[in-house]
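All of the numbers you see were taken from the coordinates with simple rules; none came from a lab. Please read all numbers here as calculations on a predicted model, not as lab measurements. In this analysis, Cβ positions are derived from the backbone assuming ideal geometry, glycine residues included, and neighbour counts consider all displayed protein chains.
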Amino acid sequence: MDKQEEKELEAFVDKIMADAPLESPSADFTKNLMQHIEAVQHKEVYQYRPIVPKQVLVLIFVGLVSLTLYLIAQYGLESDGGWFGNVSVEPVFDNMWGWLENYTSSKILIYAVLLFGLLFFVQVPLIKKQLERNIMLE
Amino acid sequence: MLTTNEKELINKIRNGNTVAFSDLVDGHKDLVYTLCIRMLGNREDAEEVSQDVFIKVFTALRNFKGDSKLSTWIYRIAYNACLDRLKRTKKERMRVEVDHLKGSAFSVMDNALDRMVQEERSVLINSCLAALPAEDASILTLFYFEEKNLLEMEKVLDLSANTIKVRLFRARKKLAAIMERKFDKETVGNNG
């Protein structure tokens, strides 16, 4: 193909492409898209972020483990040696909880407390689900 | 690179203004959809990919530095999304033989096109573009969307201007060959 023919080809394709119509997507394209976008936006806004950053948690964990290892190495594992050897905690507990020694309660009260505790834990996932749904809808 | 209006629009979208984003979508959806349909060859895929393109535009807009035109950046996302879709579906259109193309045919086809009514001409051109392989269809479409600016095309396609020129020439030849074959068929059909 010589230069002249190349130019003719170019002019011909220019003409075709100028006449080539632009296609349009469906009428509710923007509406559907905006629904997706709003869902994406909410996900971003309510993305879970831990209150304590990971690095701080790792630092605390490493600190506690090394402190424990240091104390074990320093004082050993025996309960009457080292730190706790001279500390007497029994009188403290006696003062605080001594009155419970003679306390008795009826079976009904025990069942009621147990049932209350059980229902409390049943509520937790339900309330969590409800809150999540409300936040997502806002 | 960016116009004042574009900068304003981008700032609004970055501040969470979804109405501004829907304006951006309305301004670019036809161009993106046309590029997708010419590369993918069917409306359903083109609509789905166009939607993915705009979701990507929305999430990536905060990282857009403004070193190209906004439309160029959107075309680049659309072009890459179409390439990904083609890779996944592994669809390939028929090869187009260009050896038989005669230079003298252009003026004949040109006259024939002139005699057609607008609607008929649009249908014919669309069917020819649909028969082009995705790479050629995309390069031709982008060349005219970018108003023949090879520098902007380099940014969309990530290719050198020389490579783009070579590919453009090949795409033009293929398009003309497809059109010639269509005209031949129609002439045979009309005469027979």
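Observations
- The angle between the Cα long axis of helix A:107-137 and the main principal axis of chain A comes to about 20°, on a 0 to 90 degree scale.
- Amide proton proximity set for A:GLU23, modelled H, under 5 Å, gap of 5+: B:THR34
- Listed residue pairs exceeding 29 Å between alpha carbons, taken from A:LYS107/A:LYS128; A:LYS7/B:LYS87; B:LYS90/B:LYS155; B:LYS65/B:LYS148; A:LYS31/B:LYS174: A:LYS107/A:LYS128; A:LYS7/B:LYS87; A:LYS31/B:LYS174
- Under a 5 Å amide H cut-off, with hydrogens placed 1.01 Å from N, B:LEU159 pairs with nothing among residues at least 5 apart or on other chains.
- Residues of the stretch B:66-89 falling in the label zone of B:LEU151, defined by backbone nitrogen less than 16 Å from a point 7 Å along Cα to beta-carbon, are B:66-73.
- Where only DSSP H runs of four or more residues are counted, the protein assembly as shown gives -25000 deg cm²/dmol as its mean residue ellipticity at 222 nm, each run worth -39500 (n - 2.57).
- Counting only Cα atoms, the size of the protein assembly as shown along its three principal axes is 114, 51, 42 Å, in decreasing order.
- Phi to ³J(HN,Hα) by Karplus 6.51 cos²θ - 1.76 cosθ + 1.60 over the stretch B:147-159, Hz, x for Gly, Pro: 6, 6, 8, 5, 5, 5, 5, 4, 5, 6, 8, 6, 10
- Once you divide the Cα radius of gyration of chain A by 2.2 N^0.38 Å, the number left is 2.55.
- The Cα trace of chain B gives Rg and Dmax of 18.8, 65 Å, the first to one decimal, the second as a whole number.
- If R0 is taken as 45 Å, the Cβ-Cβ distance between A:GLU10 and B:GLU6 corresponds to a FRET efficiency of 0.90.
- Inverting the pair-averaged 1/r between distinct Cα atoms of the stretch B:105-191 gives 14.1 Å as its Kirkwood hydrodynamic radius.
- Per-residue mean of foreign Cβ neighbours for A:32-42 is 4 (Cβ atoms of other chains, 10 Å radius).
- Residue of B:ASP30, B:ASP114, B:ASP45 that the Gaussian network model of chain B assigns the largest fluctuation, springs spanning Cα pairs under 10 Å: B:ASP114
- Acute angle (nearest 10 degrees) that the helix B:70-89 long axis makes with the longest principal axis of chain B, alpha-carbon atoms: 60 degrees
- From most to least packed by mean Cβ count within 10 Å, the peptides B:34-41, B:154-161, A:99-106 give B:34-41, B:154-161, A:99-106.
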